[in-house]
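Below: one structure, written as structure tokens.
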Amino acid sequence: MQIAERSVASFHYTLTDDQGQVLDSSEGREPLTYLHGTGQIVPGLEKAMEGRQAGDQFKVDVVPEEGYGVHHAELMQEVPRDAFQGVDDIQPGMQFQGRGPQGVINVTVTKVDADKVYIDGNHPLAGKTLHFAIEVTEVRDASEEEIEHGHVHGEGGHHH
């Protein structure tokens with residue numbers, strides 16, 4: 001069976017950056033399982049999964065526009081240090097949730113001065129080409145309930 005709309009696919013993956021450094025991997029864990037066609041994985045990877053079947057192994061490079069988006073400079077800001085009340089030791093790399101005009105936003109601290117904290121609201125992988133090594137482990141038809149709910153149920157998926 002091939003991966004297509006309304007199918008459930010499971011796969012192992014290793015994600016690397018341009019330098020070959022591993023950013024994420026399913027190695028030593030269960031494969032990632034998703035409902036194809038619902039946007040549960042980045043668009044470029046979902047397109048590359050189309051038509052694949054169990055046992056397929058392949059590599060795909062996903063450009064930022066098809067991954068976590070381009071890097072938006074306007075999402076980088078400096079805020080007063082006192083905006084982080086209750087946090088004594090703010091360090092670059094720390095992540096926080098804040099409120100923006102569109103609701104909750106996740107930010108990463110990029111730099112800390114005596115009175116200012118520099119934050120970045122872009123996804124940490126925005127602007128980066130994603131290099132995936134994929135091994136498809138299983139493909140099956142989605143159940144009507146999975147299609148209705150928009151996610152996988154049971155093993156590797158959501159449990160109600």
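The values are calculated or read from the model by the stated rules, or taken from the named source; none is laboratory data. Computed from a predicted structure; not experimentally measured. So basically every Cβ, Gly included, is an ideal-geometry build from the backbone, and we count neighbours across all protein chains shown. Surface accessibility is based on the protein's heavy atoms, side chains included, excluding ligands, DNA and RNA. Shrake-Rupley method; radii C 1.70, N 1.55, O 1.52, S 1.80 Å.
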Pairs with Cβ under 8 Å, 6+ apart, first in the range 70-88 and more than 13 Å from Val112 (Cβ to Cβ), second assigned to a helix (DSSP H, G or I) and open to solvent by less than 80 Å² (accessible area, probe 1.4 Å): Val70/Pro64; His71/Pro64
field: Spans of strands (runs of 3 or more DSSP E) in the range 1-65 with at least 2 residues in contact with an Asp or Glu (Cβ under 6 Å, 6 or more places away or on another chain)
entry: 7-16
query: Restricting the search to the range 75-104, which residues are more than 21 Å from the chain's Cα centre (by Cα) and open to solvent by 90 Å² or more (accessible area, probe 1.4 Å)?
result: Gln77, Glu78, Asp82, Gln85, Asp88, Asp89, Pro101
- request: Go through the range 17-31 and give me each residue that's open to solvent by 30 Å² or more (accessible area, probe 1.4 Å) and over 12 Å from the mean Cα position of the chain (by Cα).
  value: Asp18, Gln19, Gly20, Gln21, Val22, Glu27, Gly28, Arg29, Glu30, Pro31
Every residue from the range 121-131 that is crowded, with 16+ Cβ neighbours inside 10 Å and either under 12 Å from the mean Cα position of the chain (by Cα) or basic (Lys, Arg) (or both): His123, Leu125, Ala126, Lys128, Leu130
field: Tabulated pairs, the range 43-55, first in contact (Cβ under 8 Å) with a residue 40 or more places away in the chain, second assigned to a helix (DSSP H, G or I) and acidic (Asp, Glu), C-beta under 7 angstrom, 6+ apart or interchain
entry: Gly44/Glu66
query: Only one of (1) open to solvent by 90 Å² or more (accessible area, probe 1.4 Å); (2) assigned to a strand (DSSP E or B) is not met by Val107, so which one is it?
result: (1)
In the range 133-149, the residues that are open to solvent by less than 20 Å² (accessible area, probe 1.4 Å) and either in contact with a helix residue (DSSP H, G or I) (Cβ under 8 Å, 6 or more places away or on another chain) or not in a helix (DSSP H, G or I) (or both): Ile134, Val136, Ala142
